[in-house]
Amino acid sequence: AYVATNHLIASGHRRIGMLNANLESIPAMERLRGFRAAMEEADLPVDPSLIKNSASPRLDGFTRESGYEVMQQFIHLGKKMPSAIFVSSDIQAVGALDALGESGLKCPHDISIVGFDDIELASHLGLTTMRQPMYEMGVLAAEVLLARLEEPKREPVHTMFVPKLVVRKTSESLDSRVLAVSETAA
């Protein structure tokens, strides 16, 4: 979340929102923490009206439907809507993009979006996202489980995986938007 938000800040966005999952979820809390840290480090205000959390208990709000519903809340802000949003999961971003499309807003022209996970669908949608090494995480989980079955008193293993930013079409610098408007007006 920290890296994704910094990408939006580096692209010139200053009014950045967060579309989050249910705060009962540890990943949702951690992603909110990363979002806040990036904003505060850049001396940008963390506007509580631009942080919207899912209330859905289904999959902790990490669903397409949740992304759609929460994006509707952003759309209803009208001119107060942020220029960019960090979305806490790619599946939520799919729903958010659906809501934007239905409202006539275009991504990234009207609003930039960065998701999280890099699910297979993300590349087809051109979604800028944070890639998690899902396969490697699964392999390690299986290895640790097998090792614990063989040796139940074995010490727990703590491994940190670092996600990587994958820039695609849904995030755009504000300079690009200004240039596009200038060229259209000319």
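When segment 120-137 is limited to residues that are assigned to a loop (DSSP other than H, G, I, E, B) and touching a Ser or Thr at 6+ places or on another chain (Cβ under 9 Å), the one that is surrounded by the fewest Cβ atoms within 10 Å (Cβ to Cβ) turns out to be Gly126.
Residues in segment 166-175 that are open to solvent by 50 Å² or more (accessible area, probe 1.4 Å) and either of a type in the set (Gly, Ala, Ser) or at pLDDT 90 or above (or both): Val167, Arg168, Lys169. Restrict the check to segment 144-157 and report whether at least one residue is assigned to a loop (DSSP other than H, G, I, E, B) and open to solvent by less than 70 Å² (accessible area, probe 1.4 Å). No. A search for C-beta distances below 9 Å between a residue of segment 57-82 that is more than 15 Å from Ala93 (Cβ to Cβ) and any residue that is open to solvent by 40 Å² or more (accessible area, probe 1.4 Å) and among the charged types (D, E, K, R), counting only pairs 6+ apart in sequence or on different chains, returns Pro57/Glu24; Arg58/Glu65; Asp60/Glu24; Lys80/Arg15; Met81/Arg15; Met81/Asp110.
The values are calculated or read from the model by the stated rules, or taken from the named source; none is laboratory data. All values reported here derive from a predicted model rather than from experimental measurement. All Cβ positions, glycine included, derive from the backbone under ideal geometry; neighbour counts span all protein chains shown. To get the accessible areas, we keep the full protein, side chains included, count just its heavy atoms, and leave off ligands, DNA and RNA. Shrake-Rupley method; radii C 1.70, N 1.55, O 1.52, S 1.80 Å.
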